[in-house]
1. Please name all residue pairs, on different chains or six or more residues apart, with Cβ atoms under 7 Å, provided the first residue is in the stretch 189-202 and is in contact (Cβ under 8 Å) with a residue 12 or more places away in the chain and the second residue is more than 16 Å from ligand 2 (Cβ to nearest atom) and in a helix (DSSP H, G or I).
2. Just one of (1) of a type in the set (S, T, N, Q); (2) away from ligand 1 (no atom under 13 Å from the Cβ); (3) surrounded by 18 or more Cβ atoms within 10 Å (Cβ to Cβ) trips up residue 134, so point out which.
3. With respect to residue 79, determine if the residue is farther than 20 Å from residue 160 by Cβ and in contact with a Lys or Arg (Cβ under 9 Å, 6 or more places away or on another chain).
4. Residue 107 is checked against (1) charged (D, E, K, R); (2) within 12 Å of ligand 1 (Cβ to nearest atom); (3) surrounded by 15 or more Cβ atoms within 10 Å (Cβ to Cβ) and fails just one. What number does that condition carry?
5. Look at residue 91 and say whether it is loosely packed, with under 13 Cβ neighbours inside 10 Å and in a helix (DSSP H, G or I).
6. Based on this model, can you work out whether residue 26 counts as near ligand 1 (Cβ under 9 Å from one of its atoms) and among the aromatic types (Phe, Trp, Tyr)?
7. Looking at (1) within 30 Å of residue 185 (Cβ to Cβ); (2) not in a helix (DSSP H, G or I), which is the only condition residue 132 fails?
8. Only one of 177, 191, 151 is at pLDDT 95 or above, more than 27 Å from residue 85 (Cα to Cα) and either of a type in the set (Ser, Thr, Tyr) or away from ligand 2 (no atom under 16 Å from the Cβ) (or both); which?
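The values are calculated or read from the model by the stated rules, or taken from the named source; none is laboratory data. Just so it is clear, the model here is predicted, and its values are computed rather than measured. Every residue, glycine as well, gets a Cβ built from its backbone with ideal geometry; the counts of neighbours run over all protein chains shown.
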Amino acid sequence: MDIVLMGVPGAGKGTQALKLEKALDFKHISTGDVLRKEIASGSELGEEIAAIIDNGDLIPDEMMLAILKKEVAQIKQSIIFDGFPRTTAQAQMLKEMLGSLGRKLGKAIAISLPEDVVVERLSSRKQCRLPDGSVKQIGPDFSLQDCQALEGEIFTRPDDTPEHVLHRLAVYHEQTEPIINFYQREGLYAEVNGEQSADQVFEELLAVLKA
Ligand code: AP5
Ligand code: MG
């Protein structure tokens, strides 16, 4: 059973997806991470993507789907989709793609978080680029000291400035929130409270998955 994790920027989708991946036999796909890898590769496509995402806007649906399909095709186990779908068109595309691969979505879970907490969280978020080019987020499982010990470079995401975060929130309300209705109609929608410790959010998520 595949699942979708949705929610405002900074809601904790990536944090929870990593916990689920560790605790259960899931494979985590963050479309944001996939896009940032394409940018880091220095490809022409990556340059095109950077111009869009650094500004906090969405990649066109067809382009996003083509990139995602390549990732999904290689995976046998259940998938956590983090950051996809982000438009109703993408939700429809995901349904069709999973159907064509004999896969099925079991739940679409939104992590809720008030906007003032979003801005505060993302303004203080830090990333670590390791010498092999991989990126880890500083958090409970990977500290600043871990980054320094591995000779990593600490940086902030270009779309995490307060102005970009406010723009990403506006994009979320306008383009992504309507998929809540889509998943309510499909009988797949559930919500957890993101304004509690990461472990408490995780417990709520596990309860939703068991329900
Ligand atoms: P993406 O990378 O998906 O960004 P996002 O949705 O804005 O979400 P974030 O990754 O910023 O936050 P998160 O919810 O994962 O939170 P996290 O766990 O990191 O997408 C980036 C861009 O790519 C988009 O703007 C768009 O341009 C493009 N894109 C991606 N998918 C696309 C698609 N499908 N179609 C078109 N374009 C697409 O946590 C945030 C911080 O809070 C961390 O510092 C963390 O340590 C901390 N934290 C987490 N949980 C807690 C907690 N419970 N308590 C306290 N702190 C916590
Ligand atoms: Mg994320």
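1. Once the first residue is in contact (Cβ under 8 Å) with a residue 12 or more places away in the chain and sits in the stretch 189-202, its partners that are more than 16 Å from ligand 2 (Cβ to nearest atom) and in a helix (DSSP H, G or I) give 189/180; 189/183; 190/208; 192/204; 192/208; 193/204.
2. (3)
3. yes
4. Against the list (1) charged (D, E, K, R); (2) within 12 Å of ligand 1 (Cβ to nearest atom); (3) surrounded by 15 or more Cβ atoms within 10 Å (Cβ to Cβ), residue 107 comes up short only on (2).
5. No.
6. Criteria not met by residue 26.
7. For residue 132, the failing item is (1).
8. From the options 177, 191, 151, the qualifying one is 151.
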